[in-house]
Amino acid sequence: MTLAILAANPTANPTADPAAGPAAGPAAGPVPVPRFLPPRALLPRPGTPRGGAAPGRLAALRAEVRSLERGGARAAGETGRSLALGVPALDAHLPDGGLPLACLHEIEGALAERDDGAATGFCLALLARLAAARACGPERRPERRPVLWVTPWRDLHAPGLAAFGFDPGCLLLVRAGGTADVLWAMEEGLRCPDLLAVIGEVEGLDRTAGRRLQLAAEAGGVTAFALHRRLRPQRGTAAPSAATTRWRIGPEATDTPHSGLGPARWRAELTRCRGAAPGQWLLEWNDATGGFALAAPLRDGAVALPPLRRRAG
């Protein structure tokens with residue numbers, strides 16, 4: 001009641017004693033009193049239900065908050081601030097209908113150590129999908145924007161990138177001396193808007209380093225991928241992550257009617273996602289279409305996914 005009185009009568013003196021009568025002496029003028037009223041933007045609009053804001057207004061506010069959290073600029077060929085992966089069940093689960101862009105994503109193997117082949121393949125597939133979304137020209141060819149790949153190791157075979165539809169000629173490979181150099185090069189590259197994406201191979205990523213990469217990705221409008229490559233088993237639980245999403249990728253066998261290699265297939269577990277719940281899917285890569293698809297046993301929903309084997313620690 002006191003706040004309502006002050007707001008209605010801003011010239012009242014809250015320190016005056018009502019029993020003392022009128023104040024003696026010349027009038028000192030109105031005493032400034034803060035108005036404890038909410039901003040007009042927060043006041044309910046006419047016709048708003050008594051229980052709160054209208055559902056459409058709440059949905060618009062949530063979308064605006066998600067956009068402010070991610071930051072960055074919108075790119076042509078993308079669905080708003082996200083990249084559609086081409087799998088309806090997966091896109092519907094992710095915020096805004098796809099993989100968030102201009103932010104940091106962490107990708108790690110499902111096993112305790114030396115399980116980076118599946119994680120690298122999944123990262124390459126995301127890169128190919130991102131390049132296809134930025135298609136340009138009458139033939140809708142993928143945009144030839146460079147990708148910065150930073151690694152302290154020397155085992156990346158560039159021609160193998162073509163298996164996922166990525167042009168090796170667009171690769172900028174940086175040989176770093178250690179994790180600190182990898183993080184520095186990634187942060188500098190993320191501030192260059194001419195890059196399609198930045199990938200860094202790290203053995204670990206603490207929350208402070210992840211936050212710096214996240215802010216750099218938002219500032220430059222470039223998507224970052226931290227590819228975990230552990231040379232030894234992880235001890236204890238995983239460190240808190242500042243990334244927008246965190247994926248745990250494991251290899252899966254493919255059913256082929258003849259001998260030979262089938263399409264790449266992964267057990268993809270989304271362990272963290274800002275704005276969405278965790279989930280897991282059995283995905284495979286289609287070389288012909290250059291896109292993801294649900295693995296055949298799951299298309300009819302007949303086979304449930306067994307739990308992934310957790311890391312030791």
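The values are calculated or read from the model by the stated rules, or taken from the named source; none is laboratory data. Small disclaimer: the values here were computed from a predicted structure and weren't measured. Here the Cβ is made from the backbone with ideal geometry for all residues, glycine too, and neighbour counts use every protein chain on show.
Quick notes on this one:
- Search result, residues across the range 199-224 that are touching a residue at least 40 places away in the same chain (Cβ under 8 Å) and β-branched (Val, Ile, Thr): Ile199, Val222, Thr223
- Scope the range 181-214; condition in a helix (DSSP H, G or I), basic (Lys, Arg) and touching a helix residue (DSSP H, G or I) at 6+ places or on another chain (Cβ under 8 Å); matching residues: Arg212
Every residue, every condition in (1) part of a helix (DSSP H, G or I); (2) modelled with pLDDT of 75 or more, yes or no:
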{"site": "Glu64", "(1), (2)": "yes, no"}
{"site": "Ala76", "(1), (2)": "no, no"}
{"site": "Ala92", "(1), (2)": "yes, yes"}
{"site": "Ile107", "(1), (2)": "no, yes"}
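- Breaking point among (1) touching a Phe, Trp or Tyr at 6+ places or on another chain (Cβ under 7 Å); (2) modelled with pLDDT of 90 or more; (3) surrounded by fewer than 20 Cβ atoms within 10 Å (Cβ to Cβ), for Pro263: (2)
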